[in-house]
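Remarks on the structure that follows.
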Amino acid sequence: MGKKSKYSAEARERAVRLVLDSEGQHHSCWAAVVSVSGKIGCIPETLRKWVHDAQQDTGPRAGLSEDERQRMKELERAVRELKRANEILRKASAFFSQALL
C-alpha cells in the first residue's frame, strides 16, 4: 500500500508537461524542475521523480514502465508460489517412495 499523494494525477501530469515544455528555456532539466516546483508548491526532488517516471513510461528514458513493474511483481510472486508448491510435491514424493520401500 503506497502513501496517498496530496497531488492529483492531473496535477502531476500538468507539472511534468510544464517541466518538459520549459526545459529549453533553462540551462538544465534540474533548473526547469526547480522553477516549476516553486510555481506549483512542491519539493523539486518530488517533481524530478515525476518527470523521471513519466519519461520511463513514455519511452525516452531506459527502464521499466509502471505497468511493466507491476507485471514483474505479479510474475515474481507466481514464481515463488510455484517453487513452494514444487518443493512440497518433491518432499511428498520422497516420503511416499520411502514408505513403499
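The values are calculated or read from the model by the stated rules, or taken from the named source; none is laboratory data. For clarity, every value in this text was computed on a predicted model and none was experimentally measured. Glycine also receives a Cβ, built like all others from the backbone with ideal geometry; neighbour counts cover every protein chain displayed.
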Inset, instruction - Taking Trp50 as the residue in question, decide whether it is in contact (Cβ under 8 Å) with a residue 12 or more places away in the chain, over 19 Å from Ser8 (Cα atoms) and in contact with a Lys or Arg (Cβ under 8 Å, 6 or more places away or on another chain). - result: no
Legend entry - Condition check for Val79: of a type outside the set (Ser, Thr, Tyr) and in contact with a helix residue (DSSP H, G or I) (Cβ under 6 Å, 6 or more places away or on another chain): no
Legend entry - Qualifying helices (runs of 4 or more DSSP H) (wholly inside segment 9-101; at least 1 residues being at pLDDT below 90 and under 16 Å from the mean Cα position of the chain (by Cα)): 9-22, 44-58, 66-100
